[in-house]
Amino acid sequence: MLSFILAAAIGVLQPQIINIQDRTQTSLDGDWDYLVDQFANGYLDYRQNPMPAGNTFFADRHFFTDQTRLVEYDFDAAEKMKVPGDWNTQGDKFYYFEGTIWFRRVFEADPQPGKRYFIHFGAVNYEAVAGLNGKILGTHKGGFTPFDLEVTGLLKKGSNSLIVRVDNTRHPDGVPMQNFDWWNYGGITRSVCLVEAPETFVRDYFVRLSADGKGVEGWVQLDGASREAVASVEIPELGIRTETNADGISGKATFCAQFKKKKQPERWSPENPRLYEVKIASGEDSITDRIGFRTIETKGCKILINGKETFLKGVAIHEEIPFAPSGRAFSEEHARITLGLAKEMGCNFVRLAHYPHNENMVRVAEEMGIMVWDEIPVYWAIDWSNRETYENAENQLAEMITRDKNRANVIIWSVSNETPRSKARLDFLTGLIAKAREMDPTRLVSSAMEKDEPEPGHMTVKDDLIDYVDLISYNQYVGWYDGDFEKCDRVYWTFPVEKPVIITEFGGGAKFGRHGAVTDRFTEEYQAKLYEKNIEMLSRIPELAGASPWILKDFRSPRRQLNGIQDEFNRKGLVSENGEKKKAFFIMQEWYSRK
């Protein structure tokens, strides 16, 4: 029966498997063969229809060992590229490349009876079509969220050929849309591995503090034929062990367990990022995670962590390597260096913009006591009326929440950034907000909105979305796009509802080492004065509960075309692309030391 179920499932994405780090896995990272296919000839015919798998590059035919028929490609003769990694910084010829590149990884395997096997991708930008041993496994859209493909029954003893067609072409109905302000890094940008699991295994779980704070509650999702199996959750340090039967239809087992009086947990907080070992098991499967327990809520204009008012001392971050050549970041080392800069500045909070960052960033931030704003790439003028666009956005939101919901430091799910107002947009975003609350009612939900100036000097936010989110969170660039820094002295802010205010972006650009008069744009002196004036202005907002200036580090963007200064970098970083601190970094450091 199980083999029939698996055979039927091949060719579609499987539900996401979380906590890959603690699974039995074989890394597929390293050197992959690649072929450039700008016109997608290896997959589509001239009418843009997918071809039969046997006629595509997934067949992995070889010209040099079989010249009896016409074959116009051969992965054995191809060059190699590092995975994980973006292709843009792995060769000058790929710097601006947008289109299709095929990747192949040949690996050895020894599949065992009674086991199931999956290929896990941390992320592929933007559209991935994967195949194993000549069979197409499935397709995934979205460049920043993980996905899994089952290969049970296709995986062979000995040599296996995994082929991935990657296309980073931008589309007006995509998520993000065709136009955005960061580099369109293409490639298999995060790790790939082969995962082994029992026939029935723990696919997903949510372990959290109970609503009354007196215990833990949540659920365990089993995957496999024995869906009525018993699932257990154990937290040894807290004396928690609970067992429950999974529902025979859904495979989900819910649980709730009380703390003993002498085993109350320390709450996770930025000051004390306490994590507990949690063991989740069912039958032959057992995995371990490190999970923290805390509460987050708003009360009037305050944000409360564990009932204590907390000011979010933040900074926004793009997912770029914190040193040359500034490609797409992916490793734990990248995360530690980047977050180390944020901690040095005095941050207890980061906005991971404008898409879900790699899991290393979220987990290392949790360990370091840094709270996180998680965001999906609903950015600027999305195709609001397109149902497929909405489904794409909702799927990316669901994949982000699925991956990160057990991380205590994730406190805000963000559904969008700087989106122009309309009825269609409001319907689109409120749908996403409802989805976020359905999947996780324990966190705050918000969006990076934009300011209004109904009369000179009077600033506010007049966005209908404000009634649906938990925070008044918005971007403002008074002194950069809106006047000069002296305008900050003339500005006052009021808001139509009583909610905490978070300034999700502010600041301006400067090239490290460029000096001049304080009134000269793109000098460190202008940027520093702009930050001083913004801090004075923001400090006059009584509802202010946090800030995340734009941005920690200079990052690549094709929109930044001022040669000699920008050189295709957004220069609003407080740190240069090479990690050099600008004057404004120390202005923020001093302000946060006083908060």
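Restricting to the stretch 49-71, what's the tally of residues that are under 30 Å from ARG328 (Cα atoms) and open to solvent by 70 Å² or more (accessible area, probe 1.4 Å)?
The number of residues fulfilling the criteria is 1.
May I ask you to list the residues in the stretch 148-167 that are assigned to a loop (DSSP other than H, G, I, E, B) and either within 23 Å of ARG403 (Cα to Cα) or in contact with a Lys or Arg (Cβ under 8 Å, 6 or more places away or on another chain) (or both)?
Answer for the stretch 148-167, where residues must be assigned to a loop (DSSP other than H, G, I, E, B) and either within 23 Å of ARG403 (Cα to Cα) or in contact with a Lys or Arg (Cβ under 8 Å, 6 or more places away or on another chain) (or both): VAL151, THR152, LEU154.
Would a scan of the stretch 317-332 turn up a residue that is in a strand (DSSP E or B), out of contact with any Gly (no Cβ under 8 Å at 6 or more places or on another chain) and open to solvent by 10 Å² or more (accessible area, probe 1.4 Å)?
no
Could you tell me which residue of the stretch 235-253 is surrounded by the most Cβ atoms within 10 Å (Cβ to Cβ), considering only residues that are part of a strand (DSSP E or B) and aliphatic (A, V, I, L, M)?
ALA253
If I filter the stretch 254-269 down to residues being crowded, with 19+ Cβ neighbours inside 10 Å and either of a type in the set (Asp, Glu) or modelled with pLDDT under 95 (or both), which single residue comes out as nearest to VAL410 (Cα to Cα)?
The selected residue is PRO265.
Filter the stretch 17-33 down to residues that are open to solvent by less than 20 Å² (accessible area, probe 1.4 Å) and touching a Lys or Arg at 6+ places or on another chain (Cβ under 7 Å), then give me how many there are.
Number of matching residues: 5.
Any residue that is more than 16 Å from LEU28 (Cβ to Cβ), surrounded by 22 or more Cβ atoms within 10 Å (Cβ to Cβ) and not polar (S, T, N, Q) - is there at least one of those in the stretch 108-117?
Yes, because at least one residue in the stretch 108-117 is more than 16 Å from LEU28 (Cβ to Cβ), surrounded by 22 or more Cβ atoms within 10 Å (Cβ to Cβ) and not polar (S, T, N, Q).
In the stretch 66-78, is there at least one residue being assigned to a strand (DSSP E or B), in contact with a Leu (Cβ under 8 Å, 6 or more places away or on another chain) and without any contact (Cβ under 8 Å) to a residue 60 or more places away in the chain?
No, the stretch 66-78 contains no residue that is assigned to a strand (DSSP E or B), in contact with a Leu (Cβ under 8 Å, 6 or more places away or on another chain) and without any contact (Cβ under 8 Å) to a residue 60 or more places away in the chain.
Are any residues in the stretch 254-285 in contact (Cβ under 8 Å) with a residue 40 or more places away in the chain, assigned to a strand (DSSP E or B) and either polar (S, T, N, Q) or farther than 30 Å from SER226 by Cα (or both), and if so, which ones?
GLN258, SER282
For the stretch 72-82, state whether one or more residues are open to solvent by 50 Å² or more (accessible area, probe 1.4 Å) and at pLDDT below 95.
Yes: one or more hits.
Exactly one condition in (1) of a type in the set (Ser, Thr, Tyr); (2) part of a strand (DSSP E or B); (3) closer than 27 Å to GLN396 by Cβ is false for THR145; which is it?
(2)
If a residue must be part of a strand (DSSP E or B), modelled with pLDDT of 90 or more and either farther than 19 Å from VAL192 by Cβ or out of contact with any Cys (no Cβ under 8 Å at 6 or more places or on another chain) (or both), how many such residues does the stretch 1-56 contain?
Adding up the residues that qualify gives 8.
Could you tell me whether any residue of the stretch 198-220 is in contact with a Gly (Cβ under 6 Å, 6 or more places away or on another chain), more than 29 Å from THR26 (Cα to Cα) and modelled with pLDDT of 95 or more?
There is at least one residue in the stretch 198-220 that is in contact with a Gly (Cβ under 6 Å, 6 or more places away or on another chain), more than 29 Å from THR26 (Cα to Cα) and modelled with pLDDT of 95 or more.
So the check is Cβ under 6 Å with 6+ separation or different chains; which pairs have a first residue in the stretch 29-49 that's closer than 18 Å to LYS93 by Cβ and a second one that's in a strand (DSSP E or B) and of a type in the set (S, T, N, Q)?
ASP37/THR100
Can you list the strands (runs of 3 or more DSSP E) found entirely within the stretch 408-502 that contain at least 3 residues being open to solvent by 30 Å² or more (accessible area, probe 1.4 Å), touching a strand residue (DSSP E or B) at 6+ places or on another chain (Cβ under 6 Å) and more than 23 Å from THR310 (Cα to Cα)?
Filter on the stretch 408-502 gives an empty set.
Residue under question is ARG190, and the condition is that it be over 26 Å from GLN21 (Cβ atoms), at pLDDT 95 or above and basic (Lys, Arg); does it hold?
Considered against the rule, which asks whether it is over 26 Å from GLN21 (Cβ atoms), at pLDDT 95 or above and basic (Lys, Arg), ARG190 comes out as no.
Could you list, in sequence order, the residues of the stretch 545-589 that are part of a strand (DSSP E or B) and over 22 Å from GLY327 (Cα atoms)?
ALA545, GLY546, ALA547
Report, by residue number, each residue of the stretch 503-532 that is in a loop (DSSP other than H, G, I, E, B) and either touching a residue at least 60 places away in the same chain (Cβ under 8 Å) or among the acidic types (Asp, Glu) (or both).
Answer for the stretch 503-532, where residues must be in a loop (DSSP other than H, G, I, E, B) and either touching a residue at least 60 places away in the same chain (Cβ under 8 Å) or among the acidic types (Asp, Glu) (or both): GLY507, GLY508, GLY509, LYS511, PHE512, GLY513, ASP520.
Against the definition (within 29 Å of ILE296 (Cβ to Cβ) and buried (at least 24 other Cβ atoms within 10 Å of the Cβ)), how does GLY573 come out, yes or no?
Against the criterion (within 29 Å of ILE296 (Cβ to Cβ) and buried (at least 24 other Cβ atoms within 10 Å of the Cβ)), GLY573 qualifies.
Which of the residues that make up the stretch 371-400 are among the hydrophobic types (A, V, I, L, M, F, W, C) and crowded, with 23+ Cβ neighbours inside 10 Å?
MET371, VAL372, TRP373, ILE376, VAL378, ILE382, ALA393, LEU397, MET400
Going through the stretch 512-565 one residue at a time, which ones are open to solvent by less than 10 Å² (accessible area, probe 1.4 Å) and of a type in the set (S, T, N, Q)?
Residues satisfying the conditions are THR523, GLN527, ASN534, SER548, SER557.
The values are calculated or read from the model by the stated rules, or taken from the named source; none is laboratory data. Computed from a predicted structure; not experimentally measured. No Cβ is skipped: glycine too gets one built from the backbone with ideal geometry, and neighbour counts run over all protein chains shown. SASA here: full protein model, heavy atoms, side chains in, ligands and nucleic acids out. Shrake-Rupley method; radii C 1.70, N 1.55, O 1.52, S 1.80 Å.
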